[in-house]
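Written out below as structure tokens is the structure these notes cover.
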Amino acid sequence: MTSGVIIRPCGLEAVLLEVEDRGQVLDRYEALSAHAPAGVRDVVPSQVAILVSFDPAVTTLEAVVAWIGAVPAVTSSRAAAAAVQIAVTYDGEDLAAVAAAAGMTSEEVVRAHTAAEFRVAFCGFTPGFAYLSGLPVELQLPRRSTPRTRVPAGSVAIASEFSAVYPQASPGGWHLLGRADVRMWDLDREVPGLLSPGDTVRFIASPP
Amino acid sequence: MMDVLEVSGLLTVQDLGRPGYGHWGVSPSGAADRTSLRLANRLVGNDEGSAALELTLGTLTVRARSRTLVAITGAPAAAWIDDRPVPTLRSLLLDAGRTLRLARPTVGLRTYLAASGGVAVPEVLGSRSTDTLSGLGPAPVQAGDALPLGRPAAGPPPAVDVFTQRYLGGGDGPLPVLLGPRADWFSADVLRTLSSASYRVTSDSNRVGVRLDGAALTRSRTGELAPEGVVRGAMQVPPSGMPMVFLSDHPVTGGYPVLAVLLPAAADRLAQLRPGDEVRFALVGPGRSAEDAPGSR
């Protein structure tokens with residue numbers, strides 16, 4: 001079996017790969033999703049694991065496990081991919097509170113958020129909601145104790161170790177730093193999701 | 001076209017869902033009881049994965065604008081074409097202008113109505129299913145809607161025009177489950193409880209998942225699990241010990257350890273249980289004892 005990965009059973013139509021070094025999840029995800037054989041339905045990364053689901057009418061659990069073992073852990077194809085740049089107007093309702101909690105000025109919060117290089121760790125919550133890892137430690141705060149019932153689409157927010165841009169209006173407990181005029185999720189686009197796991201992202205401050 | 005004259009309960013268009021987009025956070029969705037959807041489609045000569053109607057504990061009246069072959073499967077409901085009682089689990093010819101009426105089912109939860117040609121609403125990411133969690137796909141069907149139907153398959157009528165089938169609910173013996181990816185968060189005692197205790201379906205169950213109440217399945221490990229990918233049929237156990245089994249509109253990731261995963265046909269049966277119904281589980285397959293718990297390297 002391939003090293004550094006624990007294959008865990010997940011019913012008749014999937015397996016869960018637990019990646020022992022969580023820094024390797026995205027490399028493995030990209031290698032798997034780039035070479036998925038017929039019958040593999042979904043390759044879904046998360047922080048420490050990758051779910052691979054398949055159609056048992058087309059392939060078998062044994063074939064899928066063998067394929068996983070044969071895929072190299074690292075792909076060389078993505079290294080050159082440019083960062084997705086997202087322009088942000090930093091006028092969020094929670095900017096001052098985040099600054100106070102971090103012991104910084106609002107300007108310093110913006111500088112820290114725009115200086116960081118983020119990477120899409122995984123997507124979830126709502127379609128196109130990308131959890132961006134790489135948030136500076138000084139900005140890592142627990143979620144708001146009381147979630148908002150409605151966070152507008154395009155809100156740029158942080159919580160825990162992640163940043164994100166809300167793709168659609170939804171309830172949310174993250175701290176709002178600003179807003180971006182970008183469609184994170186657009187079914188009328190050939191590729192609906194602006195961001196996929198593994199993509200790198202940078203935020204740029206727009207004048208208010 | 002088929003005109004929807006009256007609806008009560010949740011009525012949605014469902015096919016076999018939209019797998020392949022989990023990396024964007026898109027749930028697979030699709031029929032809650034896939035066995036019944038496939039059956040209904042076969043009875044009218046459609047591909048098994050064609051879109052049909054899923055009615056949750058309600059009533060429905062539709063009228064055909066042109067001659068259409070229809071079939072009713074899933075939760076057994078009394079049915080009439082105009083005033084004539086008609087059986088379920090078989091092909092029925094619905095002539096232009098005639099109405100088909102379904103009563104609320106007496107047992108089970110979800111009734112399926114397939115029509116030859118399939119329901120031809122626009123696809124979203126390769127599926128016509130309504131995803132109640134994300135809102136993808138068509139809105140739930142309302143009285144007054146006109147549902148487009150596709151062109152029926154060419155060739156002779158379907159080779160199968162009647163099924164005999166016992167009702168596929170929870171009264172048909174325990175639901176088979178396999179040990180899940182995080183069974184090692186639980187002790188052997190918990191596996192025995194899972195295989196012997198009876199659970200009751202609670203009222204906060206829906207197409208996202210079925211919440212169960214019964215003997216607590218207590219973790220032997222503390223701490224938080226980082227959210228990870230889940231599948232339809234996955235039984236996750238929050239700290240309360242009360243299991244919850246994901247159905248078609250499940251979120252792509254879950255934050256609680258998955259103790260067991262139902263076989264696909266068992267997930268179909270679970271999707272037919274009503275709040276208050278009792279259900280049991282039977283561990284099948286490898287790793288039934290704690291000694292060879294999952295996690296092979």
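Structure notes:
- Accessible area per residue was computed with a 1.4 Å probe on protein heavy atoms; A:W67 scores about 40 Å².
- Normalising the Debye intensity of the range B:203-263 to I(0), with uniform scatterers on Cα atoms only, and taking log10 at q = 0.21, 0.23 Å⁻¹ returns -0.79, -0.94.
- Buried on assembly, the range B:220-235 (at least 30 Å² less accessible surface than by itself, 1.4 Å probe): B:A226, B:P227, B:E228, B:G229, B:V231
- Area accessible to solvent at B:D3, 1.4 Å probe radius, in Å²: 30 Å²
- Shielded by partner chains, the range B:22-60 residues - at least 10 Å² of accessible area, 1.4 Å probe, vs chain alone: B:G22, B:H23, B:W24, B:G25, B:V26
- Charge tally for B:R65 (other residues, Cβ to Cβ under 12 Å; Lys, Arg +1; Asp, Glu -1): +1.
- Neighbourhood net charge (14 Å Cβ-Cβ; Lys/Arg +1, Asp/Glu -1) for B:R232: -2
- Cα-based Kirkwood hydrodynamic radius, the protein assembly as shown, one decimal, Å: 24.3 Å
- For chain A, the equivalent ellipsoid derived from the Cα gyration tensor has semi-axes of 35, 17, 16 Å, listed largest first.
- Contact surface A-B: accessible area buried, both sides summed, square angstrom, 1.4 angstrom probe: 2800 Å²
- Equivalent ellipsoid, the range A:1-115 (semi-axes from 5 times Cα gyration tensor eigenvalues, Å): 39, 16, 14
- Computed with a 1.4 Å probe over protein heavy atoms only, the accessible surface of chain A comes to 44 Å² per residue.
- Mean residue ellipticity, 222 nm, helices only, chain B: the sum of -39500 (n - 2.57) across DSSP H runs of n ≥ 4, divided by residue count and rounded to 500, is -2500 deg cm²/dmol.
- Heavy-atom accessible area per residue - chain B, 1.4 Å, Å²: 39 Å²
- For the range A:114-138, heavy-atom accessible area (probe 1.4 Å) falls by no less than 40 Å² from the chain alone to the full protein assembly at A:C123, A:P127.
- Within chain A, longest stretch free of exposed trypsin sites (Lys or Arg not before Pro) [DSSP loop, at most 14 other beta carbons within 10 Å]: A:1-142
- For the range B:5-20, Karplus couplings with θ = phi - 60° (6.51, -1.76, 1.60), whole Hz, Gly/Pro x: 8, 8, 9, 10, x, 7, 10, 10, 7, 9, 10, 8, x, 10, x, x
- For the range A:89-149, alpha-carbon Rg over 2.2 N^0.38 Å: 1.20
- The convex hull drawn around the Cα atoms of the range B:2-164, when projected onto a plane and averaged over every direction, covers 8.9 nm².
- For the range B:175-292, convex hull of alpha carbons as volume per residue, Å³: 88 Å³
- Electrostatic tally near A:T59: other residues with Cβ closer than 12 Å to its Cβ, Lys and Arg +1, Asp and Glu -1, net -2.
- P(r) tail, chain B: Cα-Cα pairs separated by more than 34 Å, 24% of all pairs.
- As a size descriptor, the averaged projected area of the C-alpha convex hull of the range B:48-140 was calculated at 6.2 nm².
- Peptide A:14-22 has a mean shielding of 3, counted as Cβ atoms of other protein chains within 10 Å of each residue's Cβ.
- Rounded to 5, percent antiparallel among DSSP beta bridges of the protein assembly as shown: 90 percent
The values are calculated or read from the model by the stated rules, or taken from the named source; none is laboratory data. If you're wondering where the values come from, they're calculated on a predicted model, not measured in any experiment. Ideal geometry is used to build each Cβ from the backbone, glycine not excepted, and the neighbour counts take in all protein chains shown. Accessible surface areas use protein heavy atoms only, side chains included; no ligands, DNA or RNA. Shrake-Rupley method; radii C 1.70, N 1.55, O 1.52, S 1.80 Å.
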